[in-house]
Amino acid sequence: MTAKQPLRAVKGMNDILPPESDRWVWFEQAVDRVMARYGYRNVRTPIVEPTALFVRGLGEVTDIVEKEMYSFVDSMNGDELSLRPENTAGVVRAVIEHNVLYDGGKRLFYVGPMFRHERPQRGRYRQFHQVGVEALGFPGPDIDAEVILMARALWRELGLTDVRLEINTLGQLEERKAHRAALIAHFEASMDVLDEDAKRRLYANPLRILDTKNPQMQEVVLSAPKLLDFLGEASLAHFEGLRAALDAAGQPYVINPRLVRGMDYYNLTVFEWVTDRLGSQGTLCGGGRYDPLIGMLGGKAAPGIGWGLGIERVLDLVQQLGVQVPASVPDVYCVVPQTQAIAPALAVAEELRALGLSVVTHPMGAEGPGSMKSQFKRADASGARFALIFGPDELAAGQVAVKSLRDADVPQQLKPINDLSQWAGALRSA
């Protein structure tokens with residue numbers, strides 16, 4: 001019989017195993033702390049949504065919809081479905097469906113996997129993970145500043161440096177229409193320089209041409225009309241309100257007129273947090289205001305703003321900067337010299353866990369718990385600060401020996417088993 005070949009993960013969809021997963025847990029705990037400080041509450045939406053949600057929300061002439069979505073037809077009922085390529089549209093769909101804004105604005109955040117069928121490379125995978133924030137129902141530039149400064153608070157929480165802020169404004173629809181007409185005229189005069197992608201987008205979405213990475217087109221892009229020159233009084237006031245808030249908070253920024261983001265639903269403020277330490281994929285976090293989106297998806301018009309960040313990319317920067325991530329280690333390792341000690345050791349371990357300690361018990365093999373030498377070797381490798389030794393003499397006296405694994409100068413002590421709450425707290429790792 002031919003041996004079966006082991007199955008492997010889908011290309012671009014990665015397993016995250018210990019000790020790497022310790023960094024993810026550390027990161028997610030930092031996210032939870034920052035979100036709590038700003039009053040944002042967690043929301044969880046399905047990873048499968050109607051394909052029409054993304055076509056309507058993101059725009060048909062976008063790379064995501066045209067090239068990158070994992071879409072399929074449900075064989076049971078013929079529904080056209082897609083794995084979510086981003087989650088703003090899904091959150092807005094949920095907000096509309098459940099009438100979440102009935103009593104006013106909401107501050108929400110999510111953490112989870114997204115899916116895009118693109119060429120896997122550093123920091124970009126087919127299954128990737130995002131943290132996102134969505135502030136819905138708030139029209140003012142103060143909320144724009146709030147969500148931007150939340151990202152700054154997260155960088156500080158993670159110990160990240162070398163991250164800079166770029167901002168821009170897309171104005172409102174009528175202003176963009178006037179700018180669009182000027183853009184088309186500008187690019188029509190340089191058709192010989194445009195690549196095929198730019199020519200295809202020229203009349204459908206010329207704003208996207210500004211985001212090209214084609215070096216042969218940089219000169220014509222840099223000389224293109226600037227949207228800022230087409231903005232009206234209200235749009236300019238909104239942008240100035242954002243800038244004033246960022247200035248007051250001591251947050252430096254660069255105004256990047258080429259910053260347009262990749263979704264059709266953005267208006268007014270757009271922004272990115274960027275680093276030069278991750279090569280060409282330097283955007284860590286990006287977002288902006290999307291006031292039209294709720295109406296586009298069938299809800300009662302309401303403003304919104306948010307951002308998304310790629311967890312893989314942020315953790316890459318954590319590693320690049322040498323940020324020390326605390327290892328996930330137990331407080332205590334239980335050493336069991338004899339088979340008879342296994343049951344009482346398990347009972348003590350359960351009591352210690354109930355008191356809030358992390359406890360690993362030595363596993364019993366087919367021939368018993370193994371030698372003391374091998375057990376102490378495993379105890380040391382676990383990273384635990386203390387070993388509890390359940391020797392027969394100690395157990396007969398209702399005691400357990402407590403041995404420090406990290407400080408040889410601390411003497412071994414005997415502690416009463418029936419009074420764990422009085423001394424167990426001293427075993428907790430710093």
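Residues GLY159, GLY132, GLY137: which one is crowded, with 20+ Cβ neighbours inside 10 Å, touching a residue at least 60 places away in the same chain (Cβ under 8 Å), assigned by TED's automatic domain parsing to the domain that holds ALA249 and not hydrophobic (A, V, I, L, M, F, W, C)? Walk me through it before giving the result.
Numbers: GLY159 fails: crowded, with 20+ Cβ neighbours inside 10 Å; GLY137 fails: crowded, with 20+ Cβ neighbours inside 10 Å.
Exactly one of GLY159, GLY132, GLY137 is crowded, with 20+ Cβ neighbours inside 10 Å, touching a residue at least 60 places away in the same chain (Cβ under 8 Å), assigned by TED's automatic domain parsing to the domain that holds ALA249 and not hydrophobic (A, V, I, L, M, F, W, C), namely GLY132.
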Evaluate the following for ALA379: is it in a loop (DSSP other than H, G, I, E, B), over 30 Å from THR169 (Cα atoms), modelled with pLDDT of 90 or more and under 40 Å from the mean Cα position of the chain (by Cα)?
no
Using the structure shown, decide if GLU351 is closer than 27 Å to ALA30 by Cβ and either more than 33 Å from the chain's Cα centre (by Cα) or acidic (Asp, Glu) (or both).
no
On the given criteria, is VAL325 aliphatic (A, V, I, L, M) and out of contact with any Asp or Glu (no Cβ under 8 Å at 6 or more places or on another chain)?
no
Which one is surrounded by the fewest Cβ atoms within 10 Å (Cβ to Cβ) among residues in the range 164-173 that are in contact with a helix residue (DSSP H, G or I) (Cβ under 8 Å, 6 or more places away or on another chain) and at pLDDT 95 or above?
LEU165
Taking the condition of being out of contact with any Asp or Glu (no Cβ under 9 Å at 6 or more places or on another chain), closer than 24 Å to PRO326 by Cα and either of a type in the set (A, V, I, L, M) or in contact (Cβ under 8 Å) with a residue 12 or more places away in the chain (or both), how many residues in the range 376-401 meet it?
8
Hey, VAL325 hits all of (1) more than 30 Å from ASP162 (Cβ to Cβ); (2) under 35 Å from the mean Cα position of the chain (by Cα) but one; which does it fall short on?
(1)
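Only one of these is in contact (Cβ under 8 Å) with a residue 60 or more places away in the chain, closer than 15 Å to VAL323 by Cβ and not aliphatic (A, V, I, L, M): ARG41, ARG33, ARG23. Name it. So that I can check it myself, show each step before the final result.
Values: ARG41 fails: closer than 15 Å to VAL323 by Cβ; ARG33 fails: closer than 15 Å to VAL323 by Cβ.
Result: ARG23 is the single residue among ARG41, ARG33, ARG23 that is in contact (Cβ under 8 Å) with a residue 60 or more places away in the chain, closer than 15 Å to VAL323 by Cβ and not aliphatic (A, V, I, L, M).
Within the range 178-192, track down each residue that is in a helix (DSSP H, G or I) and either touching a helix residue (DSSP H, G or I) at 6+ places or on another chain (Cβ under 9 Å) or among the small types (Gly, Ala, Ser) (or both). So that I can check it myself, show each step before the final result.
Taking the range 178-192 as the starting set, the residues that turn out to be in a helix (DSSP H, G or I) are 178-188.
Passing the criteria: ALA178, HIS179, ARG180, ALA181, ALA182, LEU183, ILE184, ALA185, HIS186, PHE187.
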Consider VAL91 against the criteria (1) over 15 Å from TYR265 (Cβ atoms); (2) modelled with pLDDT of 95 or more: it satisfies all of them except one. Which criterion is unmet?
(1)
Only one of THR275, THR269 is in contact with a strand residue (DSSP E or B) (Cβ under 9 Å, 6 or more places away or on another chain), farther than 27 Å from ILE96 by Cβ and assigned by TED's automatic domain parsing to the domain that holds VAL133, namely THR275
Pull up the range 235-277, narrow it to residues that are in contact with a helix residue (DSSP H, G or I) (Cβ under 9 Å, 6 or more places away or on another chain) and under 11 Å from VAL163 (Cα atoms), then point me to the one that is modelled with the lowest pLDDT.
ARG277
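Scanning the range 399-418 for residues that are exposed (fewer than 12 other Cβ atoms within 10 Å of the Cβ) and of a type outside the set (A, V, I, L, M), which turns out farthest from ALA343 (Cα to Cα)?
Restricting attention to the range 399-418, the residues satisfying the condition of being exposed (fewer than 12 other Cβ atoms within 10 Å of the Cβ) are 406-409, 411-412, 418.
Adding the requirement that they be of a type outside the set (A, V, I, L, M) leaves 406-407, 409, 411-412, 418.
Numbers: ARG406: 27, ASP407: 29, ASP409: 31, PRO411: 27, GLN412: 23, ASN418: 15 Å.
Ranking the candidates gives ASP409 first.
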Could you list, in sequence order, all residues of the range 346-393 that are of a type in the set (Phe, Trp, Tyr) and surrounded by fewer than 19 Cβ atoms within 10 Å (Cβ to Cβ)?
PHE376
Scanning the range 233-255 for residues that are of a type in the set (Gly, Ala, Ser), under 9 Å from ALA145 (Cβ atoms) and within 27 Å of the chain's Cα centre (by Cα) gives ALA245, ALA249
In the range 298-331, anything crowded, with 17+ Cβ neighbours inside 10 Å and either β-branched (Val, Ile, Thr) or modelled with pLDDT under 90 (or both) is listed as ILE305, ILE311, VAL314, VAL318, VAL325
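The values are calculated or read from the model by the stated rules, or taken from the named source; none is laboratory data. Bear in mind the structure is a predicted one, so any value in this text is a computation, not a measurement. A quick note on method: Cβ atoms are made from the backbone with ideal geometry, for glycine too, and the neighbour counts reach across all protein chains shown.
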